[in-house]
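Have a look at the structure below, then the notes.
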Amino acid sequence: MLKSKTFVKKTRSGGVMKVVREHYLRDDIWCGSEVCTECKQESTVLQKDACMESSLCSYPHYLVPDTNVVLHQIDILEDPVICNVIILQTVLQEVRHRSAPVYKRLKDIIHEKEKRFYTFTNEHHRDTFIEREPGESANDRNDRAIRVAVKWYSQHLKTFESDTDGLKVVLLTNDQGNKQKAQDNGLLVYKCEEYVKSLIANPELVDRLALSSDDKNEITSSKVLFPEHLPLSRIQTGIKSSSFLQGTFRASRDNYLEATVFVQGEGEDSTEVLIQGLQNLNRAVHQDVVAVQLLPRSEWVAPSSVVLQDEGTAKDDEDAEEEEGKVTAVEAARKPTGKVVGIIKRNWRPFCGMLNVSQIKESTRHLFTPADRRIPRIRIETRQASTLSGQRIMVAIDGWPKDSRYPNGHFVRSLGGAGEKDTEEEVLLLEHDVPHQAFSQAVLSFLPKMPWAITPEDMMKREDLRPLTVCSVDPPGCTDIDDALHCRELENGNLEVGVHIADVSHFIRPGNALDKEAANRGTTVYLCGKRIDMVPELLSSNLCSLRSNVDRLAFSCIWEINHKAEILKTRFTKSVINSKASLTYAEAQMRIDDTNKNDDITKSLRGLNKLAKILKRQRIEKGALTLSSLEVRFHMDSETHDPIDLQTKELMETNSMVEEFMLLANISVAQKIYDEFSECALLRKHPAPPPSNYDILIKAAKSKVKIHTDSAKALADSLDAAKVDGFPYFNTLLRILATRCMMQAVYFCSGMDSDFHHYGLASPIYTHFTSPIRRYADIIVHRLLAVAIGADTTYPDLMDKHKQSALCNNLNYRHKMSQYAQRASVAFHTQLFFKSRGILNEEGFVLFVRKNAIIVLIPKFGLEGTVFFDSKDKVSPNIVFEEEIPGVSVPAPDTERPAKKQKLDH
Amino acid sequence: MATVQVSEAEKVYILHGIRDDLRVDGRGCEDYRHMEIETDVVSNTDGSAKVTLGHTAVLVGVKAEIGKPRPTVPAEGYLEFFVDCSANATPEFEGRGGEELGTKLSNTLYKVFNNKRSIDLKSLCICAGEHCWVLYVDVLLLQCDGNLYDAISVAIKAALFNTKIPKVHISSDEEGGKEIELSDDPYDCMRLNVENVPCIVTLCKVGHRHVVDATLQEKACSVASLIISVTHKGTITCMRKVGGGSLDPESIFEMTEAGKRVGKALHAPLMKLLEQEESLGKKRQKVGFLG
């Protein structure tokens, strides 16, 4: 049967269009229930004895949630307790329109077999399709459609009453009007809260209920704290007339009353708008897309130099804000300042953190402190506060009414005890959006079958380099060896140097599930004592790893180099190698230094080392920067995996030897793929930082030395020259600061950009080729190079610059997140390390000075922390803050230097 | 225009019949052929109607779009006409054969219908000087069996009666920027008042008499005809003479009087029929094109 659906919509040009869609109704849509004998369905989803122990419904029943219940209570629906649910097509479509993330979660639940969620396409069912009536709003029509479907179900199931124990259908809705109408129609209907509270066997579900608007009214205090958000239509016209700006909200880590809104302009130019004060922040949460209105120029302020952490309810917010107002900034330091007038898109995700149990014993309302300092505290309601305190939990935000100081949320799940290693690791992986679930069966199905061996066909296509003396040099304990080297003297006196990289692209074929998973993960994440692989372990630690004395497939880059380290010839080939030794940096160093050893491997290493030194000198002459960041290694207890000792990473000559050749290979490959594919080569660039970035470095060094930042070369030279007698660490400190001035290096597609320069390495072109086991970018580069040398076939996505550009964005994001996760992991292990150590005295250095705190670095532990001048129990010393230097002077001479103290508050 | 070849003997037969008020198909001189009307036949228009008159069949669709008002009349909307002479109607229209007739027809229709006495053009105004509704009236000739004007005019009136224009609201912000907002309810729409929309009556001078709704054969015997648009009150809004022959003033007077009479009599049953069809609403059995 054919019906047509008609609606009018506005076109982009402002016109009005009438759209007519044909809508077919069928009579072969089955109910999906086990008890039904009438429907000719092949398999059933809904069980005969649908048992959920509810005090309201003592009979077996199926649940039908309406759209709002799905949208707001998805956490409840995800719970394993809830099963045998009918999701109507009306609901599914509405959810899809309203919220993409919820829709995805709902789809996931539907696909889960054990949950027994059945989608009933009521809109196409002959008996349940309804047409909108005059005067009926779209929502009312959908509500009616839901009621009609529920009615149909209850009548449909009634016919089989004899062989069931009164199976019924229960509608869940939070809408009072809808509920009333459903009751009038004789349907079984409950509010979601009523129903969940009636589940006697599972009282903990109540905590996961999202606070609905009814409940929010209870918390209402008379005081309206925030200005109203503007409706979306007003925002859109405002943005069109450029009285508002649209941007991403980024809360400050150091100050909860301050944020910037990053407004993407046309092309490259983008501006940052500063937002200060609770009123102006107006309930925006980190990463939301917001509309801001600029304040008049006279009200512009400079970013404050106070470190403010939201201490909770007790503190009077007005005080803090007044303080903000008083900041009299130097004219030049003022930045465009604005206020948030509306939220365009919320970007809320479940947040990890800790519960602050309320002081009042009986209270069920508690504050939740997220692990990410940029997220405000969240008020949640729970009855299990005593069990949850001391645990890491996940909480989702439900809303932020304008009369509430904190957003309202609900408990999602517990991750485990705080301070436990597994829990904390889970937290930091979740917080940094690192995909860390086990590889799915679909992904694993694309792995080669074991036992695996190189086939004769492979050998035909590849160069046999097994006779060469190839060896690998890696950090100790490395199992994913992706590079190996060789060096030998040729008959004409020149040297042949080869870099052999694991041929991962041989195993990961474009477009399959394994490839997609790797592309999504983007990079392997190394945490302390744990590795989150990008590709399954069989590949990363076995088939692709260039272990010694086994035949492995490789992609080789072979140069002919003279003794002045000038490249005479470059050639790329797919090959088979057999590494003669897997060395650690220290072992390789020992071989080079040991004059008694004269075997092939050692000779090869010496040749490489000699060339590397020349290469490095050449590179530094060109203006490559040597920067420094503190990297700490932990010695782990082999049984408990707790850190037992820690040392900062030591650099040996051999580190730099391997690095030089990797750089060389990367540059050679970058040039080759760019020559071959000027539009779609995947390259890596490191833009020169804007001069203002160097301000902190110049200011910090001003009292001792002058730093030139005109070019990379000038910077490198003045960093080399910056030495202070009796203060050997000064140079390292400056290099650490210089590192922080730098821009992020990023992957990009050559067809989408014109600036290829790599600032840090002083190379006109660069890419990543040498670590395909742990970086997806390298796999793409491998594929491009293989096509370039005719060793492999191409595929459409590889040559599509827009697709590649999108891939680059993901890789850059994953890369950044993995670095943050790594840092967070180190920080956590540092804390674990100190847990048993008690108070230690160590030398520390002041990195930055704020108005009420200093940021201190302790090099020995690579630890950075904020030290406040005024703590809760101590009166703050009389401190004079000077914005210009910036510095703090303490008038009383006998005050102890605070830098000596360390406080672990991360 | 579609023509048929008629022999001299046939002509004499037709002429004599008309002289005695008895036409070949048995009608009197002021009688129409059997007429069928169905509205809302094309779902993706805002209003449509299909009219068959004898074997003549026309389909009219009305599309409402937002446009800019004419500068001379900033507070009024307007109508646009287009007549498509499909080659289905007659093989003569094949290729560009129907173009000339189409233009001629649409020009006449424009004169007859696009004025504020026929339709309340002010009601089509959304925002004076900026936005107004433009009604695109598309006429499709499906089959030609004489008397196109009358059939088209009835179809246009029916289609305009059927037209539902979505309701819009103008919202303006403080900067004076205006935004057109559409009503969410598809049933919330504006109807046109078609009371004053005229119908066209074509009178063909055959011999010494004149006939209404001439068939192609009768047309072949006629030397000149008069096209008169008449409102429901019997007012003549437009008149045009077509054809090569001459008409003496006396017969013009006679013909206009007859046109008024016939036109007035045509409106009342037409409106009754349209309202009756409308009242059936969704229960109406649709006939469509295959019925």
Query - Selected residue (only one of A:F727, A:F661, A:F677 is of a type in the set (A, V, I, L, M, F, W, C), out of contact with any Pro (no Cβ under 6 Å at 6 or more places or on another chain) and surrounded by fewer than 16 Cβ atoms within 10 Å (Cβ to Cβ)) - result: A:F727
**Report entry** Failed item in (1) within 14 Å of chain B (Cβ to nearest Cβ); (2) assigned to a loop (DSSP other than H, G, I, E, B); (3) not hydrophobic (A, V, I, L, M, F, W, C), with A:R141 passing the rest
**Finding:** (2)
Query raised in the report: Does A:K158 fit the bill of being surrounded by fewer than 17 Cβ atoms within 10 Å (Cβ to Cβ) and more than 22 Å from A:R26 (Cβ to Cβ)?
Result: yes
Query raised in the report: Looking at B:I170, is it more than 14 Å from chain A (Cβ to nearest Cβ), of a type in the set (A, V, I, L, M, F, W, C) and either more than 30 Å from A:S241 (Cα to Cα) or in contact with a strand residue (DSSP E or B) (Cβ under 9 Å, 6 or more places away or on another chain) (or both)?
Result: no
Report task. Considering only residues that are charged (D, E, K, R) and not in a loop (DSSP other than H, G, I, E, B), look in segment A:820-863 and name the one that is surrounded by the fewest Cβ atoms within 10 Å (Cβ to Cβ). Result -> A:K835
Report summary line: Every listed condition ((1) assigned to a strand (DSSP E or B); (2) at pLDDT below 80; (3) surrounded by fewer than 18 Cβ atoms within 10 Å (Cβ to Cβ)) holds for A:C51 save (1)
Requested in this report: For segment A:178-185, indicate whether the set of residues that are touching a residue at least 40 places away in the same chain (Cβ under 8 Å) and either surrounded by fewer than 21 Cβ atoms within 10 Å (Cβ to Cβ) or within 14 Å of another protein chain (Cβ to nearest Cβ) (or both) is non-empty.
Outcome: no
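Results for (1) at pLDDT 65 or above; (2) among the polar types (S, T, N, Q), shown as yes or no for each residue.
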position	(1), (2)
A:L232	yes, no
A:L245	yes, no
A:L257	yes, no
A:T260	yes, yes
A:G277	yes, no
A:L281	yes, no
A:S298	yes, yes
A:S304	yes, yes
A:G325	no, no
Query raised in the report: Would it be correct to say that B:D150 is more than 24 Å from B:V42 (Cα to Cα), buried (at least 21 other Cβ atoms within 10 Å of the Cβ), touching a residue at least 12 places away in the same chain (Cβ under 8 Å) and acidic (D, E)?
Result: no
Query raised in the report: Taking into account only those residues within segment B:38-83 that are surrounded by fewer than 22 Cβ atoms within 10 Å (Cβ to Cβ), acidic (D, E) and closer than 15 Å to B:Y136 by Cβ, which is nearest to the other protein chains (Cβ to nearest Cβ)?
Result: B:E65
Report summary line: Checked against (1) surrounded by 24 or more Cβ atoms within 10 Å (Cβ to Cβ); (2) in contact with an Asp or Glu (Cβ under 9 Å, 6 or more places away or on another chain), B:Y187 satisfies every condition except (1)
Query raised in the report: In segment A:679-713, which residues are of a type in the set (G, A, S), touching a residue at least 24 places away in the same chain (Cβ under 8 Å) and out of contact with any Ser or Thr (no Cβ under 6 Å at 6 or more places or on another chain)?
Result: A:A688, A:A700, A:A701, A:S711, A:A712
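Yes or no, residue by residue, for (1) part of a helix (DSSP H, G or I); (2) among the aliphatic types (A, V, I, L, M); (3) farther than 17 Å from A:I501 by Cβ; (4) touching a Cys at 6+ places or on another chain (Cβ under 9 Å):
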residue	(1), (2), (3), (4)
A:S575	no, no, no, no
A:A581	no, yes, yes, yes
A:A586	yes, yes, yes, no
A:R591	yes, no, yes, no
A:T595	no, no, yes, no
A:L605	yes, yes, yes, yes
A:K613	yes, no, yes, no
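I'm trying to understand the selection: among the residues of segment A:370-395, which are buried (at least 19 other Cβ atoms within 10 Å of the Cβ) and either assigned to a strand (DSSP E or B) or aromatic (F, W, Y) (or both)?
Answer for segment A:370-395, where residues must be buried (at least 19 other Cβ atoms within 10 Å of the Cβ) and either assigned to a strand (DSSP E or B) or aromatic (F, W, Y) (or both): A:P370, A:I378, A:R379, A:I380, A:E381, A:R392, A:I393, A:M394, A:V395.
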Query raised in the report: In this structure, does B:K116 turn out to be within 17 Å of the chain's Cα centre (by Cα), more than 14 Å from chain A (Cβ to nearest Cβ), surrounded by fewer than 16 Cβ atoms within 10 Å (Cβ to Cβ) and modelled with pLDDT of 90 or more?
Result: no
Report summary line: Residues in segment A:122-155 that are within 19 Å of A:R98 (Cα to Cα), surrounded by fewer than 17 Cβ atoms within 10 Å (Cβ to Cβ) and polar (S, T, N, Q) total 2
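Would you please name the residue that is nearest to the other protein chains (Cβ to nearest Cβ), looking only at residues in segment B:84-103 that are without any contact (Cβ under 8 Å) to a residue 24 or more places away in the chain and small (G, A, S)?
Our first condition is that a residue be without any contact (Cβ under 8 Å) to a residue 24 or more places away in the chain; within segment B:84-103, this holds for B:87, B:91, B:94-97, B:99-100, B:102-103.
Narrowing further to those that are small (G, A, S): B:87, B:95, B:97, B:102.
Values: B:A87: 27, B:G95: 31, B:G97: 32, B:G102: 25 Å.
That would be B:G102.
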Query raised in the report: Which residue pairs have Cβ atoms closer than 6 Å, lie 6 or more positions apart in sequence or on different chains, and pair a first residue in segment B:177-206 that is more than 14 Å from chain A (Cβ to nearest Cβ) with a second residue that is surrounded by fewer than 18 Cβ atoms within 10 Å (Cβ to Cβ) and of a type in the set (D, E, K, R)?
Result: B:N193/B:D120
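Restricting attention to segment A:435-469, which residues are among the acidic types (D, E), within 18 Å of A:H500 (Cα to Cα) and over 40 Å from the mean Cα position of the chain (by Cα)?
Just the residues of segment A:435-469 that are among the acidic types (D, E), to begin with: A:457-458, A:463-464.
Right, trim to within 18 Å of A:H500 (Cα to Cα) and you get A:458, A:463-464.
Residues satisfying the conditions are A:E463, A:D464.
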Report task. Starting from residues that are within 23 Å of A:T584 (Cβ to Cβ) and aliphatic (A, V, I, L, M), keep the ones in segment A:505-531 and report whichever is surrounded by the fewest Cβ atoms within 10 Å (Cβ to Cβ). Result -> A:L527
Requested in this report: Please verify whether segment A:459-477 includes one or more residues that are part of a loop (DSSP other than H, G, I, E, B) and among the hydroxyl-bearing types (S, T, Y).
Outcome: yes
Query raised in the report: Among the residues of segment B:13-20, is any over 26 Å from B:V201 (Cβ atoms), at pLDDT 90 or above, over 20 Å from the mean Cα position of the chain (by Cα) and loosely packed, with under 15 Cβ neighbours inside 10 Å?
Result: no
Query raised in the report: Any idea how many residues of segment A:734-773 are hydrophobic (A, V, I, L, M, F, W, C), within 30 Å of A:S703 (Cα to Cα) and over 22 Å from the mean Cα position of the chain (by Cα)?
Result: 7
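For the condition away from chain A (no Cβ under 14 Å), surrounded by 10 or more Cβ atoms within 10 Å (Cβ to Cβ) and over 18 Å from B:V230 (Cβ atoms), what is the one hit in B:E257, B:E250, B:E277? Spell out how you get there, then give the answer.
Values: B:E257 fails: over 18 Å from B:V230 (Cβ atoms); B:E250 fails: surrounded by 10 or more Cβ atoms within 10 Å (Cβ to Cβ).
The conditions single out B:E277.
Does A:Q93 fit the bill of being touching a Cys at 6+ places or on another chain (Cβ under 8 Å) and surrounded by fewer than 19 Cβ atoms within 10 Å (Cβ to Cβ)?
Values: touching a Cys at 6+ places or on another chain (Cβ under 8 Å): no; surrounded by fewer than 19 Cβ atoms within 10 Å (Cβ to Cβ): yes.
Answer is no for this residue.
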Query raised in the report: Is it the case that some residue within segment A:24-47 is outside any loop (DSSP other than H, G, I, E, B), farther than 26 Å from A:K179 by Cα and within 14 Å of another protein chain (Cβ to nearest Cβ)?
Result: no
Query raised in the report: Would it be correct to say that A:S656 is without any contact (Cβ under 8 Å) to a residue 24 or more places away in the chain and either surrounded by 16 or more Cβ atoms within 10 Å (Cβ to Cβ) or among the hydrophobic types (A, V, I, L, M, F, W, C) (or both)?
Result: no
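The values are calculated or read from the model by the stated rules, or taken from the named source; none is laboratory data. Remember, predicted model here, so these are calculated numbers, not experimental data. For neighbour counting, all protein chains shown are included, and Cβ atoms are generated from backbone atoms with ideal geometry for every residue, glycine included.
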